[in-house]
1. Restricting to the stretch 71-85, name every residue that is on the phi < 0 side of the Ramachandran plot and either among the charged types (D, E, K, R) or exposed (fewer than 14 other Cβ atoms within 10 Å of the Cβ) (or both).
2. Can you give me the number of residues within the stretch 22-62 that are closer than 23 Å to residue 90 by Cα, surrounded by fewer than 14 Cβ atoms within 10 Å (Cβ to Cβ) and either touching a Pro at 6+ places or on another chain (Cβ under 6 Å) or at pLDDT 95 or above (or both)?
3. Among the residues of the stretch 30-54, write down those that are in contact (Cβ under 8 Å) with a residue 40 or more places away in the chain and more than 15 Å from residue 83 (Cβ to Cβ).
4. Of (1) of a type in the set (Val, Ile, Thr); (2) in contact with a Lys or Arg (Cβ under 9 Å, 6 or more places away or on another chain); (3) in contact (Cβ under 8 Å) with a residue 40 or more places away in the chain; (4) within 20 Å of residue 13 (Cβ to Cβ), residue 133 satisfies all except one. Which?
5. Do you know which residues across the stretch 98-131 are under 17 Å from residue 66 (Cα atoms) and either assigned by TED's automatic domain parsing to the domain that holds residue 64 or of a type in the set (Asp, Glu) (or both)?
6. Across the stretch 86-136, what is the number of residues that are surrounded by 11 or more Cβ atoms within 10 Å (Cβ to Cβ) and over 16 Å from the mean Cα position of the chain (by Cα)?
7. Tell me which residues, restricted to the stretch 45-60, are within 13 Å of residue 18 (Cβ to Cβ) and under 15 Å from the mean Cα position of the chain (by Cα).
8. Just a yes or no: is a residue in the stretch 5-17 without any contact (Cβ under 8 Å) to a residue 60 or more places away in the chain and in a strand (DSSP E or B)?
Amino acid sequence: MAHTKFPCEVLTPEGEVFNDDVEMVSTRTTLGLIAILANHAPLLARLEPTELRIHRGESDVLRFAQAEGFMQMSDNRVLLLVEQISAIDQIDRGELERLRALAQSAIDDAPEGSEEAARAARELRRTEAFLRILDA
């Protein structure tokens with residue numbers, strides 16, 4: 001069953017990743033999983049590292065590994081601002097495992113409660129989330 005389409009834009013600090021009409025966007029916020037359809041109520045949410053699915057049609061689904069960010073739904077448009085995003089089929093497991101080890105080492109070496117420790121913990125959460133996406 002086709003759904004009404006609406007504009008969706010995904011941006012990173014490096015620029016635009018996606019900009020097209022979609023039927024649904026599904027992701028994870030700090031409050032849990034969410035699926036956005038056309039005419040959804042206005043929303044501003046903080047995004048967690050997870051799998052982002054962009055449904056352009058019933059059998060046309062784009063899958064991404066999404067880092068932290070924000071999502072805004074207003075005026076029947078959804079905007080996702082994310083720190084980092086990668087197409088699932090372009091993720092290098094070996095590189096993720098290397099980054100996970102570096103993040104764990106940085107956590108172990110950083111002073112407790114420091115910004116360095118917090119930054120390394122975010123990187124560890126992100127790499128572990130991306131690895132779980134690959135294993136799903």
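The values are calculated or read from the model by the stated rules, or taken from the named source; none is laboratory data. This structure is a prediction, so every number in the text was calculated from the model and none was measured. Backbone-built Cβ (ideal geometry, glycine too); neighbour counts: all protein chains shown.
1. Start the filter on the stretch 71-85 by keeping residues that are on the phi < 0 side of the Ramachandran plot, which leaves 71-74, 77-85.
Matches in the stretch 71-85: 74, 77, 83.
2. So the answer is 0.
3. Start the filter on the stretch 30-54 by keeping residues that are in contact (Cβ under 8 Å) with a residue 40 or more places away in the chain, which leaves 36, 48-52, 54.
Once the filter is applied, which keeps residues that are in contact (Cβ under 8 Å) with a residue 40 or more places away in the chain and more than 15 Å from residue 83 (Cβ to Cβ), the stretch 30-54 yields 36, 51, 54.
4. (4)
5. Scanning the stretch 98-131 gives 123, 128.
6. From the stretch 86-136, those surrounded by 11 or more Cβ atoms within 10 Å (Cβ to Cβ) are 86-88, 91-93, 95-107, 110, 116-134; that's our starting set.
With the extra rule that they be over 16 Å from the mean Cα position of the chain (by Cα), the set shrinks to 92-93, 95, 97-107, 110, 116-121.
So the answer is 21.
7. Once the filter is applied, which keeps residues that are within 13 Å of residue 18 (Cβ to Cβ) and under 15 Å from the mean Cα position of the chain (by Cα), the stretch 45-60 yields 52, 53, 54, 55.
8. So the first thing to find is which residues in the stretch 5-17 are without any contact (Cβ under 8 Å) to a residue 60 or more places away in the chain, and the list is 5, 14-16.
Adding the requirement that they be in a strand (DSSP E or B) leaves 15-16.
Yes; the residues of the stretch 5-17 include at least one that is without any contact (Cβ under 8 Å) to a residue 60 or more places away in the chain and in a strand (DSSP E or B).
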